[in-house]
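Read the structure below first, then the notes.
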Amino acid sequence: VQLQASGGGLVQAGDSLRLSCAASGHSFSGYALAWFRQAPGKEREFVAAISWSDGLTHVQDSLKGRFTISRDTATNTVYLQMNRLNSDDTAVYYCAADPLEDYHKDRPYEFDYWGQGTLVTVSS
């Protein structure tokens, strides 16, 4: 399983950004895919997860209403749409995958496969 995250960059507070995670190397039917983030000096934290087969989602409570996770099964891509960004959203964003399709999972150790991360910097 290979995961390639992209779409990060420098944005202004209030802007929107969409991250992509290209997944390859396996059929992802039955997988859970997720986004985590890690800010400097902080632990990696859960952002959102989605079940590959039926698209059910779980978003961290504090991010609901601003962040949305989705997937495109035709292109094997998972997206993270981020709106109304603020400086607290500055972090490296990682995509992750696990063959246990439980979209309620929200701990890093529950995911077996990880991408390399993409940096999002929000300037105020």
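The values are calculated or read from the model by the stated rules, or taken from the named source; none is laboratory data. Here the structure is a predicted model, which is why all the values come from computation and not from measurement. Positions of Cβ are generated from backbone atoms using ideal geometry, with glycine treated the same way; all protein chains shown enter the neighbour counts. Please note that ligands, DNA and RNA were not included when accessible areas were found on the heavy atoms of the full protein model with its side chains. Shrake-Rupley method; radii C 1.70, N 1.55, O 1.52, S 1.80 Å.
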- request: Answer yes or no as to whether GLU43 is at pLDDT below 95 and either within 20 Å of GLN12 (Cα to Cα) or not in a strand (DSSP E or B) (or both).
  value: no
query: Just wondering, is there one or more residues in the stretch 58-67 that are assigned to a loop (DSSP other than H, G, I, E, B), touching a residue at least 40 places away in the same chain (Cβ under 8 Å) and within 22 Å of LEU17 (Cα to Cα)?
result: yes
message: Pull out all pairs, ordered by first then second residue, where Cβ-Cβ is under 8 Å, the residues are six or more apart or on different chains, the first lies in the stretch 1-15 and is closer than 12 Å to ALA96 by Cβ and open to solvent by less than 50 Å² (accessible area, probe 1.4 Å), and the second is of a type in the set (Phe, Trp, Tyr) and part of a strand (DSSP E or B).
response: VAL1/TYR113; LEU3/TYR113; LEU3/TRP114; ALA5/TYR93; ALA5/TYR94
message: So in the stretch 44-57, with the set limited to residues that are farther than 15 Å from ARG18 by Cβ and not hydroxyl-bearing (Ser, Thr, Tyr), which one is least open to solvent (accessible area, probe 1.4 Å)?
response: ALA49
task: Kindly indicate whether ARG84 is in contact (Cβ under 8 Å) with a residue 40 or more places away in the chain, in contact with a strand residue (DSSP E or B) (Cβ under 9 Å, 6 or more places away or on another chain) and open to solvent by 60 Å² or more (accessible area, probe 1.4 Å).
output: no
- prompt: Does ARG18 fit the bill of being open to solvent by 20 Å² or more (accessible area, probe 1.4 Å), within 21 Å of VAL122 (Cα to Cα) and touching a residue at least 40 places away in the same chain (Cβ under 8 Å)?
  reply: yes
query: Inside the stretch 97-124, can you point out the residues that are at pLDDT 95 or above, within 22 Å of LEU56 (Cβ to Cβ), open to solvent by 40 Å² or more (accessible area, probe 1.4 Å) and of a type in the set (A, V, I, L, M)?
result: none
Qualifying residues in the stretch 34-43 (those that are touching an Asp or Glu at 6+ places or on another chain (Cβ under 9 Å) and open to solvent by less than 10 Å² (accessible area, probe 1.4 Å)) - the one nearest to LYS105 (Cα to Cα): ALA34
